[in-house]
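The values are calculated or read from the model by the stated rules, or taken from the named source; none is laboratory data. Computed from a predicted model, the values in this text were never measured in an experiment. Note: ideal-geometry Cβ built from the backbone for every residue, glycine included; neighbour counts use all protein chains shown. Accessible surface areas use protein heavy atoms only, side chains included; no ligands, DNA or RNA. Shrake-Rupley method; radii C 1.70, N 1.55, O 1.52, S 1.80 Å.
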Amino acid sequence: MYAALTHITTHLPSRVETNADLCTRMDTTDEWIVTRTGIAQRHLAAPGESTADLAVAAMTAFAAERPGTRVDTLVLATTSPDRTCPATAPEVAARVGLGGIAGYDITSACSGDLYGLATAVGLVDAGIARRVALVTSETFSYFVDPADRTTAPLFGDAATVSLVERVRDPDDANLGPFDLGSDGAGLGLLEVPAGGARARALAGRGRPVAWESGSYLQMAGRPLFLEAVARMSASCRKLLADSGSSIDDIDGFVVHQANARIARALCEELDIPDGKALSNIRTVGNTLSSSIPLLLADSAAAGTTTPGDTLLLTAFGAGLSWGSCLLTWNPR
């Protein structure tokens, strides 16, 4: 049995927030944001709209694009689940009429799509699943302080569905190899401290839990920048070496859209020509686990990526977590 990524569906909320909109509520400018991040606008969930809602919208769009396709497992990658308990995936599966299929969440922040793809390939290769819907859904804009100009401009909301299914011909297996890694010693560089057992433990049993400031993202920008470039470049080099490939064999470089400056620094570190680096951060911002599939779909729609292209995917996020993989773009 072999696994292949055969289809990607994307969903963006209709509400668009421009840098000009941000400037009306915080001390910043469009030039300041674009220069430091490369972002001009982002899509935001509508008031009352949650991560599960975006995931359901993406799954509904997927069903329209691939009518009759029956998935038997739903893996949801998200950094912004609707609840601490239970997982969001079973709710999404139930709301789109998938019955009692296997459904669970994974939390690997901005690396979630790559961890999810590796998980989906493993499920198919092991014979556990025939078709896996890897859903990424993020409403992380709720988790950033709306008055913080260092974090609020960065994040946008989005959901995607990537279909990973069993194929008979090994030549159709288009995903892998993978390189995945993490370093929990750096968790403090990017975290939302409140909401989990750690914050509850510090509050003490039987006491009211109050964590207003800790409920928003806290980020150490400069050290995070350095870690991102170092971890992704090392991961890409290891992946290429292990697969017997080189940058010359790569037709497109798909890096998680966290910050345009990180992407540029990574390309310089790996000697990747400008024409091979794909980007859509200007119009969508950092959509965390949805970033890579959204970029893949956008580049295919624009004709930048064409069938048969060999793509190098890489991501880095909170955890710290990171990963890379090779993908031969061959959707059905």
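Leu187 sits among other residues whose Cβ lies under 14 Å from its own Cβ, and their net charge, with Lys and Arg +1 and Asp and Glu -1, is -1. Which loop-located trypsin sites (Lys or Arg not before Pro) does region 133-209 contain, where loop means any DSSP state but H, G, I, E or B and the Cβ has at most 14 other Cβ atoms within 10 Å? Answer in residue order: Arg168, Arg205. Which of Gly206, Gly176, Gly156 moves most in a GNM of the chain, Cα contacts under 10 Å? Sorting by GNM fluctuation, first place goes to Gly206. Would you mind telling me which residue in Gly122, Gly252, Gly99 has the biggest mean-square fluctuation in a Gaussian network model of the chain, where springs connect alpha carbons within a distance under 10 angstrom? Its mean-square fluctuation being the largest, the pick is Gly99. For the chain, modelled as a GNM whose springs connect Cα atoms under 10 angstrom apart, the maximal fluctuation among Ala63, Ala301, Ala173 occurs at Ala301. Annotation for region 2-44: trypsin sites (Lys or Arg not before Pro) lying in DSSP loop with at most 12 further Cβ atoms inside 10 Å of their Cβ are Arg25.
Recomputing volume of the Cα convex hull per residue in Å³ from the coordinates shown identifies the correct label among (i) 155; (ii) 141; (iii) 190 as (ii).
Probing with 1.4 Å while keeping every protein chain in the model, the per residue accessible area of the chain equals 43 Å².
For region 165-306, what % of the accessible area comes from carbon and sulfur atoms, probe 1.4 Å? The C+S portion of the solvent-accessible surface of region 165-306 is 48 percent.
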